Amino acid sequence: MQDEREADITLAGLSIWVDGYQFPQSQDSWDGNWVIVRAECVGQRATVELCSPCVHLPELRRWLDACVALESGMADEAELPTMEPYLRVRIDRSGEFRGLVATVEMTPDNLTQFHEFRFPIDASYLPRLADAIRRVLAEYPIRNTPSG
């Protein structure tokens, strides 16, 4: 995926660009918070790309909160908990790599494909990731959050 603009969010081999609200005129908490993302994940001898309105902004907020908790030692994992099946990211402590592991599940077509990438990372990724998510949420604020 060639893009002259630097990715909004990067984590090991994963790059995510947020291209805008799916429904720019909508201000409600459901339709108004879907964003169009382009994502590319590159591993050894494999690249998967997608472009889809598959992330809801409150999901990004939950991922940010989880990353902060993981960095501070208050949690053992941080997950981008998407409702759509196209993109999922989980960072956890895996004994397999003796540190943090970022697992990226990604598919441009959930009926015929499934791709999983695992990247050993260290804790230094977490502050940069959290800052990137904050920048996205500043550019695309969560709209009309329901109380409750």
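On alpha carbon coordinates alone, what is the Rg over Rh value for the stretch 98-148, Rh being the Kirkwood radius? Let's see the in-between values first.
Numbers: Rg = 15.8 Å, Rh = 14.1 Å.
On the Cα set of the stretch 98-148, Rg over Rh gives 1.12.
Can you sort Met74, Met106 by how many other beta carbons sit within 10 Å, fewest first? Display every interim value, and only then the final one.
Numbers: Met74 9, Met106 23.
In increasing order of surrounding Cβ atoms, one gets Met74, Met106.
Which cross-chain or sequence-distant (5 or more) residues have an amide H under 5 Å from the amide H of Gln22, H modelled 1.01 Å from N in plane?
Amide H to amide H, under 5 Å and 5 or more residues apart or across chains, Gln22 pairs with Trp34, Val35, Ile36.
Using a ≥ b ≥ c from the Cα gyration tensor of the chain (square roots of the eigenvalues), is it rounded, prolate or oblate, where a/c under 1.5 gives rounded and otherwise the larger of a/b and b/c decides, a/b for prolate?
On the way: a/c = 1.74, a/b = 1.23, b/c = 1.42.
Note, shape of the chain comes out oblate.
Kindly provide the trypsin sites (Lys or Arg not before Pro) of the stretch 17-86 that DSSP labels as loop, not H, G, I, E or B, and whose Cβ sees at most 11 other Cβ atoms within 10 Å. Walk me through the numbers before you get to the answer.
Details: sites: Arg38, Arg45, Arg61, Arg62; in loops: Arg45.
Sites meeting the loop and neighbour criteria: Arg45.
Can you tell which of Gln25, Gln44, Gln113 shows the greatest fluctuation in a Gaussian network model of the chain with Cα springs below 10 Å?
For the chain, modelled as a Gaussian network with Cα springs under 10 Å, the answer is Gln44.
Using alpha-carbon pairs under 8 Å, 6+ residues apart, how would you state the relative contact order of the stretch 9-139 in percent?
Details: 258 pairs, mean separation 26.9, N = 131.
Relative CO of the stretch 9-139 lands at 21 percent.
Taken together, the values in this text are just the output of simple stated rules run on the coordinates, not laboratory data. Computed from a predicted model, the values in this text were never measured in an experiment. Because the Cβ atoms are built from the backbone with ideal geometry, glycine has one as well, and the counts that use them run over all protein chains shown.
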